[in-house]
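**Student:** Pasting a structure here, questions to come.
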Amino acid sequence: MIRRSRWLTLVLAVLATLTGLSLVTATPADAGSRHSRSLSYVALGDSYAAGFGAGEYVNECFQSRRGYPALLDRETRASLQANATCNGATTRTVLATQVSAVTPRTQLITLTVGGNDLGFATVATTCAPGPSTACQEAISGALALLAPQSTGPSVLATRLAATYGAVATAAPRADILVTGYPILFKAPAKDQPNADVVLALNDATKALNATIKATVAATAATGVEISYVDVTAGFAGHGIGSERPYLHATGPEALHPTARGYRVYAKALSRALVYC
């Protein structure tokens with residue numbers, strides 16, 4: 001059971017920080033590690049956290065043996081104790097069904113979430129045929145959740161703050177590594193069909209990552225051991241439309257990383273583990 005008073009205090013502190021925050025980079029835990037042995041590890045999040053797109057699925061949540069939780073378990077000192085990730089998860093899903101996998105003894109948590117809150121899958125499906133009123137409305141709806149409110153942070157920032165606060169409260173001694181998302185498409189040529197849609201989707205992903213990063217920074221400012229892990233550099237030059245994409249362009253796994261893309265995630269997280 002999450003201690004509600006501590007969770008609420010954390011969330012209010014984060015939102016207060018976000019109100020006056022431009023964009024702060026979260027500071028990783030001091031090198032020289034508090035954890036010299038194997039880390040008790042719990043994975044939380046959506047389809048990107050589960051490994052959807054990599055194949056070799058083990059359950060109905062589309063968790064994959066090639067997803068980054070499994071890769072970290074095999075290749076680093078993180079010992080995966082629970083994998084609560086699931087395709088389609090939102091911040092609300094994490095709060096309702098996944099945080100319970102975390103215990104006070106958990107030492108490492110990874111989390112990828114936020115894309116489904118914006119309805120990115122719906123946006124992609126609506127915009128796939130090309131520019132249209134419905135496509136523009138879908139993108140505008142997603143961006144509205146990222147826009148600061150007159151009374152404070154954006155809708156998504158508020159949801160993320162609540163999620164990070166709950167995770168930190170459930171595992172007060174854990175290092176929390178929060179990932180962003182890759183830029184989905186190769187930058188289009190000006191005369192490329194659907195160029196406006198591609199640019200709009202890429203810009204929305206950048207805005208999503210900026211919101212996640214800022215909320216992580218605000219949470220870190222309250223004393224939580226939480227860091228943002230950027231994956232965009234590893235996917236640079238490998239977006240959809242490139243010669244060697246690390247993301248699926250079509251089919252049920254569209255807009256999700258390939259097995260190679262998940263190795264990019266695992267590599268970025270492995271580097272971040274140096275500071276845990």
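The values are calculated or read from the model by the stated rules, or taken from the named source; none is laboratory data. Note that the structure is predicted; figures quoted are calculated from it, not measured. So basically every Cβ, Gly included, is an ideal-geometry build from the backbone, and we count neighbours across all protein chains shown.
**Student:** Tell me the residue from GLY119, GLY152 that is out of contact with any Pro (no Cβ under 8 Å at 6 or more places or on another chain), small (Gly, Ala, Ser) and within 30 Å of LEU72 (Cβ to Cβ), please.
**Tutor:** Just a single option satisfies the conditions, and that option is GLY119.
**Student:** Before we move on, is VAL178 closer than 26 Å to ALA54 by Cα, touching a Pro at 6+ places or on another chain (Cβ under 6 Å) and touching a residue at least 40 places away in the same chain (Cβ under 8 Å)?
**Tutor:** Considered against the rule, which asks whether it is closer than 26 Å to ALA54 by Cα, touching a Pro at 6+ places or on another chain (Cβ under 6 Å) and touching a residue at least 40 places away in the same chain (Cβ under 8 Å), VAL178 comes out as no.
**Student:** Exactly one condition in (1) under 19 Å from VAL224 (Cα atoms); (2) modelled with pLDDT of 95 or more; (3) of a type outside the set (S, T, N, Q) is not met by VAL24; state its number.
**Tutor:** Result: VAL24 fails condition (2) only.
**Student:** For the list (1) at pLDDT 95 or above; (2) charged (D, E, K, R); (3) surrounded by fewer than 23 Cβ atoms within 10 Å (Cβ to Cβ); (4) closer than 22 Å to VAL113 by Cβ, I need the number of the one condition that GLU225 fails.
**Tutor:** With (1) at pLDDT 95 or above; (2) charged (D, E, K, R); (3) surrounded by fewer than 23 Cβ atoms within 10 Å (Cβ to Cβ); (4) closer than 22 Å to VAL113 by Cβ applied to GLU225, the lone miss is (3).
**Student:** Residues ALA138, ALA147, ALA166: which one is more than 22 Å from THR85 (Cβ to Cβ) and part of a helix (DSSP H, G or I)?
**Tutor:** Step by step, each of ALA138, ALA147, ALA166 is checked, and only ALA138 is more than 22 Å from THR85 (Cβ to Cβ) and part of a helix (DSSP H, G or I).
**Student:** Does ALA170 satisfy the criteria of being surrounded by fewer than 24 Cβ atoms within 10 Å (Cβ to Cβ), over 16 Å from the mean Cα position of the chain (by Cα) and modelled with pLDDT of 90 or more?
**Tutor:** Numbers: surrounded by fewer than 24 Cβ atoms within 10 Å (Cβ to Cβ): yes; over 16 Å from the mean Cα position of the chain (by Cα): yes; modelled with pLDDT of 90 or more: yes.
So ALA170 fits the description; yes.
**Student:** Name the residue, out of ALA189, ALA147, ALA134, ALA171, that is in contact (Cβ under 8 Å) with a residue 40 or more places away in the chain and of a type in the set (Gly, Ala, Ser).
**Tutor:** Exactly one residue qualifies, and that residue is ALA171.
**Student:** Still on this model: I'm trying to understand the selection: among the residues of region 228-262, which are assigned to a loop (DSSP other than H, G, I, E, B), surrounded by 19 or more Cβ atoms within 10 Å (Cβ to Cβ) and within 15 Å of the chain's Cα centre (by Cα)?
**Tutor:** VAL231, LEU255, HIS256
**Student:** Ok, one more. Kindly provide the set of residues from region 101-119 that are in contact (Cβ under 8 Å) with a residue 40 or more places away in the chain, out of contact with any Leu (no Cβ under 7 Å at 6 or more places or on another chain) and not aliphatic (A, V, I, L, M), ordered by number.
**Tutor:** THR103, PRO104, ARG105, THR106, THR112, ASN116, listed by residue number.
**Student:** So, one more: Read through the list (1) in contact with a helix residue (DSSP H, G or I) (Cβ under 7 Å, 6 or more places away or on another chain); (2) at positive phi, then give the number of the only condition that GLY223 fails.
**Tutor:** The single condition GLY223 does not satisfy is (1).
**Student:** Being at pLDDT below 65, closer than 20 Å to THR219 by Cα and either crowded, with 20+ Cβ neighbours inside 10 Å or out of contact with any Asp or Glu (no Cβ under 9 Å at 6 or more places or on another chain) (or both): is that true of LEU15 here?
**Tutor:** Values: at pLDDT below 65: yes; closer than 20 Å to THR219 by Cα: yes; either crowded, with 20+ Cβ neighbours inside 10 Å or out of contact with any Asp or Glu (no Cβ under 9 Å at 6 or more places or on another chain) (or both): yes.
Here the answer is yes, as LEU15 does meet what is asked.
**Student:** Let me ask you something else. Please work out if VAL216 is touching a helix residue (DSSP H, G or I) at 6+ places or on another chain (Cβ under 8 Å) and at pLDDT 95 or above.
**Tutor:** For VAL216, the condition - touching a helix residue (DSSP H, G or I) at 6+ places or on another chain (Cβ under 8 Å) and at pLDDT 95 or above - is met.
**Student:** Can you name the residue in region 100-159 that is exposed (fewer than 13 other Cβ atoms within 10 Å of the Cβ) and among the charged types (D, E, K, R) and is also farthest from PRO193 (Cα to Cα) among such residues?
**Tutor:** ARG105
**Student:** Is it the case, given these coordinates, that THR250 is over 19 Å from THR211 (Cα atoms) and without any contact (Cβ under 8 Å) to a residue 60 or more places away in the chain? Give the derivation first.
**Tutor:** Numbers: over 19 Å from THR211 (Cα atoms): yes; without any contact (Cβ under 8 Å) to a residue 60 or more places away in the chain: yes.
Here the answer is yes, as THR250 does meet what is asked.
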